[in-house]
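Working notes, structure below.
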Amino acid sequence: QVQLVESGGGLVQPGGSLRLSCAASGSINGLNVMGWYRRAPGKQRELVATIHSLGVTNYADSVKGRFTISRDGAKNTVYLQMDSLEPEDTAVYYCNFRDISDNAWGQGTQVTVSS
């Protein structure tokens, strides 16, 4: 079983930046996908960005050009650099890990974009 620990959320003004981190531990072997999802108030959870262990990335259209996902394989850690933040980015952000045998979620970290 994989466990995820997230960090880096907070309050930021529009146009500002935040960096989220998610460290995975446990049984991590072979190919996998790590990523970030978010749930805004009154909305369903949605994909933000994912990154495969081979490096392929995928982004939601709403964050393309503003957010960058990356990972450190040696540390089993995934990062989400969020720039040019907008009030619409306000949500709880969840880290996700998926492989052939596991689908794990972090506890969530709040990101609030407000002046």
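The values are calculated or read from the model by the stated rules, or taken from the named source; none is laboratory data. None of the values given here were measured: they were computed from a predicted structure. All Cβ positions, glycine included, derive from the backbone under ideal geometry; neighbour counts span all protein chains shown. The area values use the complete protein model at the heavy-atom level, side chains included, leaving out ligands, DNA and RNA. Shrake-Rupley method; radii C 1.70, N 1.55, O 1.52, S 1.80 Å.
Of the solvent-accessible surface of region 66-115, computed with a 1.4 Å probe over protein heavy atoms with every protein chain present, carbon and sulfur atoms account for 46 percent. Comparing 38, 66, 19 in a Gaussian network model of the chain (Cα springs below 10 Å), the most mobile by mean-square fluctuation is 66. Shown in residue order for region 97-105 are the 3J(HN,Hα) couplings computed by the Karplus curve 6.51 cos²θ - 1.76 cosθ + 1.60 at θ = phi - 60°: 10, 9, 9, 5, 10, 9, 9, 10, 10 Hz (x for Gly and Pro).
Backbone geometry of region 16-26 corresponds, through the Karplus equation with coefficients 6.51, -1.76 and 1.60 at θ = phi - 60°, to 3J(HN,Hα) couplings of x, 10, 9, 10, 9, 10, 9, 9, 9, 9, x Hz, x marking Gly and Pro. Karplus-based coupling profile of region 28-35, in residue order and whole Hz: 10, 9, x, 6, 7, 10, 10, x, with θ = phi - 60° in 6.51 cos²θ - 1.76 cosθ + 1.60 and x standing for Gly or Pro. Count the net charge of all other residues whose Cβ sits under 11 Å from the Cβ of residue 63, scoring Lys and Arg as +1 and Asp and Glu as -1. Once all neighbours under 11 Å are counted, the net charge is -3.
Just checking the listed ones, 78, 63, 48: in the Gaussian network model of the chain with Cα springs under 10 Å, the one fluctuating most is 63.
Residue 28 sits among other residues whose Cβ lies under 13 Å from its own Cβ, and their net charge, with Lys and Arg +1 and Asp and Glu -1, is 0.
Heavy-atom accessible surface of the chain, averaged per residue, reaches 52 Å², computed with a 1.4 Å probe.
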